[in-house]
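Chemist: Sharing a structure with you now.
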Amino acid sequence: MMDLMGNAPYDFVMSHTEYDLERLTTFVHRTFNGQDFASFIQGLQHIYKNHNGLEAAFSKNCNTNDGTTLNLQNNISEFKKVFFEIPHQNRTQKHISDPMNGSAAKRINMMLRWFCRQDNKGLI
């Protein structure tokens, strides 16, 4: 994946062309194929351009008016809705779990924990 994105994933997401997406069609990893890859690139670009980035997409409505924190399950479910607001193949939706449909969303929860690590090894 990194090679296909020129080892600059954010730049690729933000400035890809249709030709760049066509080059992804040969990618396959287990059940994730090139069409899924292209949809993820487009979904991420949509989030960065229209929803102020991943942090904003995941943290939207995190706090209630009384200061209590909402359940993260709702935020993950809302993230999935935002991610797939753009045209995509239905098969691609299986790659993002939805806790509101009974999934534990283990991979997304692990990713979120990694994003906010306090030991300077996470992304944020």
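Chemist: Restricting attention to region 11-28, and to residues there that are among the hydrophobic types (A, V, I, L, M, F, W, C) and not in a helix (DSSP H, G or I), which single residue is surrounded by the fewest Cβ atoms within 10 Å (Cβ to Cβ)?
Modeler: So, considering only residues that are among the hydrophobic types (A, V, I, L, M, F, W, C) and not in a helix (DSSP H, G or I), the one surrounded by the fewest Cβ atoms within 10 Å (Cβ to Cβ) is 28.
Chemist: Answer yes or no: is there a residue in region 35-43 that is within 22 Å of residue 97 (Cβ to Cβ), acidic (Asp, Glu) and modelled with pLDDT of 90 or more.
Modeler: Checked region 35-43: at least one residue is within 22 Å of residue 97 (Cβ to Cβ), acidic (Asp, Glu) and modelled with pLDDT of 90 or more.
Chemist: For region 29-60, name all the residues that are open to solvent by 60 Å² or more (accessible area, probe 1.4 Å), among the charged types (D, E, K, R) and assigned to a helix (DSSP H, G or I).
Modeler: Once the filter is applied, which keeps residues that are open to solvent by 60 Å² or more (accessible area, probe 1.4 Å), among the charged types (D, E, K, R) and assigned to a helix (DSSP H, G or I), region 29-60 yields 49, 55.
Chemist: Can you find even one residue in region 66-76 that is modelled with pLDDT of 90 or more and open to solvent by less than 80 Å² (accessible area, probe 1.4 Å)?
Modeler: yes
The values are calculated or read from the model by the stated rules, or taken from the named source; none is laboratory data. The structure presented is a predicted model; accordingly, all values stated were derived computationally and were not measured. Because the Cβ atoms are built from the backbone with ideal geometry, glycine has one as well, and the counts that use them run over all protein chains shown. Areas reflect the complete protein model, heavy atoms only, side chains present, ligands, DNA and RNA absent. Shrake-Rupley method; radii C 1.70, N 1.55, O 1.52, S 1.80 Å.
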